[in-house]
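A short worksheet on the structure shown next.
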Amino acid sequence: MDFTTTIQISQMIVNELSGSSLVHKMQGLLFKSQGFATLGQKYLDHYAEELGWIEKYTNRLLELGVVPEVNVCHKSALIEDPKAYIEADLKLQKEGVATLYKVLPSLINDPNTYDITKAYLLDEEEDQYWDEEQLGLIEKIGYQNWLVKQL
């Protein structure tokens, strides 16, 4: 069986997720330093969760006899304003979910990677819904009230 598509998609996910997970960790540390312990911990936990997905895809690549490439060097600025960060993260989440929906059918002939990617897609959708929920809460209760909940 030809695993070229699996390898390309898995490698793309490992690289993209490696970069974005580090940003989540840094954002979590930034929010904690601003006194927003709850929000900061959310992103630190998100970082740890994403490391789990990186591990799953890396292990799949290794199972296929491929040593993954590490290509995550790109500039990302941290965003000090929590609402602005969630808005930016939501945009990225939507793009990521759309990409996963697009590539998922290409993996149908590789049930192992298909199942990993389907589970990862569901997790990413959950993250997107959380961002949307937080922005909705900000709209309903006001930004200052929402920030108090993040302490």
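The values are calculated or read from the model by the stated rules, or taken from the named source; none is laboratory data. Everything quoted here is computed from the prediction, not taken from an experiment. Note that we place each Cβ from the backbone using ideal geometry, even for glycine, and neighbour counts take in every protein chain shown. Note: areas computed on protein heavy atoms with side chains; ligands, DNA, RNA excluded. Shrake-Rupley method; radii C 1.70, N 1.55, O 1.52, S 1.80 Å.
Miscellaneous remarks
- In sequence order, segment 31-37 has phi-based couplings of 5, 4, 5, 7, x, 8, 4 Hz under the Karplus curve 6.51 cos²θ - 1.76 cosθ + 1.60, θ = phi - 60°, and Gly or Pro positions carry x.
- Dipole of the chain computed with +1 at Lys/Arg Cβ and -1 at Asp/Glu Cβ about the Cα centre; of Q144, N109, I7, farthest Cα towards the positive end is Q144.
- Taking each DSSP H run with n ≥ 4 as -39500 (n - 2.57) and averaging over every residue of the chain yields -27000 deg cm²/dmol at 222 nm.
- Formal net charge of residues neighbouring P82 (Cβ-Cβ distance under 12 Å; K, R +1; D, E -1): -1
- 1.4 Å probe accessible area per residue over segment 1-85, in Å²: 55
- If you take all other residues with their beta carbon under 14 Å from the beta carbon of L51, and give Lys and Arg +1 and Asp and Glu -1, the sum is -4.
- Remark: relative contact order (the chain) = 29 percent; criterion is Cα-Cα distance under 8 angstrom and separation of 6 or more residues.
- Estimated dipole of the chain in Debye, rounded to 20 [Cβ of Lys and Arg +1, of Asp and Glu -1, Cα centre]: 360
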